[in-house]
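A.B. asks: Input: one structure, supplied below.
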Amino acid sequence: MYNDDDLIRLGAHKFMSAVAEQFDREEMRVVLEFSGKTDLLPYGHAPIIGEPFDVMDDEYIFKLRRFACVALAGQEWFSKTAPALARAIRLPVNISDCLKLKQDENLFPKLVGNYGSSLIMAGRDFQLHPSIADCCSGLMAHKDTPDSLRAELQEFRPRPLEGLEVWWETEFEFFDGSHKPIKVLGGFSWSTPEMFASDLESRIRGRQRVRDLGAAEDYLHRWDEQTAIVRQRASECYPSKFGHG
């Protein structure tokens, strides 16, 4: 939850009035649409950020309004500070718009889509999350980055970025009647150590709970395997904090 000081720190407070008007309209639309209908739940979609909400849940709506303010502040910050090729693309602030950009065949829309998604997962705090330039430098320094991607990102100096996760996809390059597999960027995200720690703690508590309820050993084994994957990801992103030995 963002408090008043957080909104001022991020420059998001100036959007509160405009966001309130949009939310008020959406809440009124839902109330009018669902009035007298007992077979449907009164759910709306948060303006700007697109998340569903129950119009009866005032506490959650209050939280979403502040997230929307921060999202608009993030868009403004991105438009002023991102590298030129990224700055030309509007920062997506909801999952739907992120997915559209991620599926673009061009590199920088794909980068911005992944950046927007990562920012959302990190709570939208653009002062906490590394910039897109930092992420591109992290990609340049990544051990698995192919030369073709390095060539497209050559304006960025290679610099390792803790917390950066990258995944790759295989495509095929066709030439003169033959084809060969090539590695391309599938996506990336960034997480704080606290995000990994929270995930691990949640999984450990969850395992204990299902164990106490009498879960079979093979089920517990699959649970352990998934926890081990998260632990491995954490150790690769933050070896000094989660590394073995």
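Please treat every number below as a calculation from the coordinates, not as lab data. All of these numbers come straight from a predicted model, not from anything done at the bench. Cβ: placed from backbone, ideal geometry, glycine included. Neighbour counts: every protein chain shown.
A.B. asks: For the range 75-145, max minus min Cα coordinate along each principal axis, in Å, sorted largest first?
C.D. replies: Principal axes ranked by extent give 30, 28, 24 Å for the Cα atoms.
A.B. asks: Restricting things to alpha carbons, tell me how big the chain is in terms of Rg and Dmax, in Å.
C.D. replies: Calculated on Cα positions, Rg and Dmax stand at 21.5, 66 Å.
A.B. asks: Now for a separate question. Suppose we keep just the alpha-carbon trace of the range 84-190; what are its Rg and Dmax in angstrom?
C.D. replies: Expressed in Å, the Cα Rg and Dmax of the range 84-190 come to 14.2, 49.
A.B. asks: Then there's this: Need one number: nm distance between label points at Glu33 and Glu105, each 7 Å from Cα along Cα→Cβ, rounded to one decimal.
C.D. replies: Distance between the two pseudo-spin positions: 3.5 nm.
A.B. asks: Taking springs between alpha-carbon atoms closer than 10 angstrom, which of Val166, Val112, Val31 fluctuates most in the Gaussian network model of the chain?
C.D. replies: Val31
A.B. asks: Another question, then. Let me know the longest stretch in the chain that avoids all GluC sites (Glu not before Pro) found in a DSSP loop with at most 14 other C-beta atoms within 10 Å.
C.D. replies: Formally, the longest exposed-site-free interval is 1-104.
A.B. asks: Cα centroids of the range 188-212 and the range 128-180: how far apart, whole angstrom?
C.D. replies: Using only Cα atoms, the two centres lie 28 Å from each other.
A.B. asks: Separate question: Using a Förster distance of 45 angstrom, determine the FRET efficiency expected from the C-beta separation of Ala84 and Glu201, and round it to 0.05.
C.D. replies: So the FRET efficiency works out to roughly 0.60.
A.B. asks: Once whole DSSP H runs in the chain are found, which of them have Cα atoms spread over 20 Å or more along the helix axis and a mean Kyte-Doolittle score of at least 0.0?
C.D. replies: Answer set is 107-121.
A.B. asks: Still on this structure, please answer the following. Hey, what's the Cα Rg ratio for the range 1-128 versus the globular rule of thumb, 2.2 N^0.38 Å?
C.D. replies: The range 1-128 yields a ratio of 1.15.
A.B. asks: Let me ask something else. Give the long-range amide H neighbours of Gly187: residues separated by 5 or more places, or on another chain, with amide H under 5 Å away, using H modelled in the peptide plane at 1.01 Å from N.
C.D. replies: The answer is Trp167.
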